[in-house]
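Values quoted throughout were computed directly from the atomic coordinates according to the rules given, and no laboratory measurement underlies them. All of these numbers come straight from a predicted model, not from anything done at the bench. Virtual Cβ from ideal backbone geometry, glycine too; neighbours counted across all protein chains shown.
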Amino acid sequence: MAKNQNATALADQSLTLETISEIPDWRHIANGWKIPSKGYCDQPYVIKTDDGAWLCVMTTGTGREGAQGQHVVATRSIDGGQTWADLVDVEPAHGPEASYAVVLKVPYGRIYVFYNHNTDNVRKVKGDNPPYRDGYCTRVDSLGHFVFKYSDDHGRTWSAQRYPIAVREMAIDRENADGGKLRYFWNVGKAIADDRAAYVSLHKVGGFGVGFFTRSEGVLLKSENILTEQDPQKIAWETLPDGDAGLRTPPGGGPVSEEHSYSRLSDGSFYSVYRSIDGYPVCAYSRDNGHTWTEPIYQCFADGRRMKHPRAANFAWQCENGKFLYWFHNHGGRFIGEHPDRRSLSYQDRNPVWLCGGIEADAPEGRIIQWS
């Protein structure tokens, strides 16, 4: 219902809880349009295709998160999300786990989808005891190979072949229980691009144990030729930042740094915000296209107060007007960071969600985001 119609309806009725509840409000989740899935649904990323449709790519399955049969699907809408076509498998449910897909549309219209793929069909991975009594974790959706497929028909069909990305080894890989021979990782962050290159986020994992991931840090995968190169085997990738470690928590912080969200600022700087088990979100800036980063800090409001956030997804979204919205939970702080069971406790109380507005501001080292 349009804004002025809501105002008219309110003017014609007495303001009671009963009458207010009868007025449709598109912001209420009950009035939303449901995107189809097979039960479990994760990361339903939507982009607009060059033929005018909306394309949604998601991770789905009939079980819970991480269950066998988890796979990547796509669906299209030609009416702005009101209805959706039947799900199309990017990867089949009967294959090895395929999970946590993000999409990228390049200038000539091709659409890429990037995701975890348990290509070698590993059925268990070494983990801590406790919590894994035999020293093995049987959840295997966050390991294997980071791969992509593509669509040249606006998401209706997808390439039969998948293409692995050679992610540069770092200390966190060499120090895992398999010595880096088996990689542990996943991704939540959206792919981004400018007129020079595309960047895909990846969260490297160091081990499995209490709280599932016991150590993690973030990297960016950069390709300078994916925007124009049509032969997928010729697409080149670079793992950033330089050196042997990804984006971590501030000095003295915990071992978990994950679910990085990246934005480009007007001066070309990168901004990243990500979750921790310290009770606060972490942020950092890069002034050289991801090669190096400022020392991470806990994210603060403009007045200097730390924001609070548990071990949950957080996103910074750049709006068309150049301003930003930050999705977080406004819950956490010292009672999480100082708790002896913070690896698991930090997952709790992930509702409700809060939004915070942000604007770019000048700083001596370059542009930054100030959060209201």
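Across the stretch 255-271, coupling constants 3J(HN,Hα) worked out from phi with the 6.51/-1.76/1.60 Karplus curve, θ = phi - 60°, read x, 9, 9, 7, 6, 5, 10, 10, 9, 9, 8, 5, 8, x, 5, 9, 10 Hz, and Gly and Pro carry x. Among residues other than Glu238 with Cβ under 9 Å from its Cβ, the summed charge is +1 (Lys and Arg +1, Asp and Glu -1).
Eigenvalues of the alpha-carbon gyration tensor of the stretch 116-227, scaled by 5 and square-rooted, set the equivalent ellipsoid semi-axes at 29, 16, 11 angstrom, largest first. About the centre of its Cα atoms, the stretch 171-240 shows a dipole size close to 260 debye [charges on the beta carbon of Lys, Arg (+1) and Asp, Glu (-1) only; nearest 20 debye]. Taken about its Cα centre, the chain carries a charge dipole of roughly 680 debye when the Cβ of each Lys and Arg holds +1 and the Cβ of each Asp and Glu holds -1.
The distance linking the stretch 142-168 with the stretch 65-81 is 15 Å (Cα centroid to Cα centroid, whole angstrom). Charge tally for Arg342 (other residues, Cβ to Cβ under 15 Å; Lys, Arg +1; Asp, Glu -1): +2. Note on the stretch 18-241: semi-axes of the ellipsoid equivalent to its C-alpha gyration tensor, largest first and rounded to whole Å, are 30, 24, 16.
Counting Cα-Cα pairs of the stretch 186-321 in 5 Å increments starting at 0 gives whole-percent bin shares of 2, 10, 19, 23, 19, 13, 7, 4, 1, 0.
Could you please report the charge total around Ser151, scoring K, R as +1 and D, E as -1 over all other residues with beta-carbon less than 15 angstrom from its beta-carbon? With Lys, Arg at +1 and Asp, Glu at -1, the net is +1. Dipole of the chain computed with +1 at Lys/Arg Cβ and -1 at Asp/Glu Cβ about the Cα centre; of Ser372, Gly218, Gly80, farthest Cα towards the positive end is Gly218. Applying a threshold of 21 Å to the alpha-carbon distances of Lys149/Lys234; Lys222/Lys323; Lys48/Lys190; Lys34/Lys149 flags Lys222/Lys323; Lys34/Lys149 as lying beyond it.
So which lysines can Lys181 reach, going by Cα to Cα under 21 Å and dropping same-chain residues fewer than 8 places off? Result set, ordered by chain and number: Lys124, Lys126, Lys204. One quarter of the convex hull surface built on the alpha carbon atoms of the stretch 247-372 amounts to 7.4 nm², the projected area averaged over directions.
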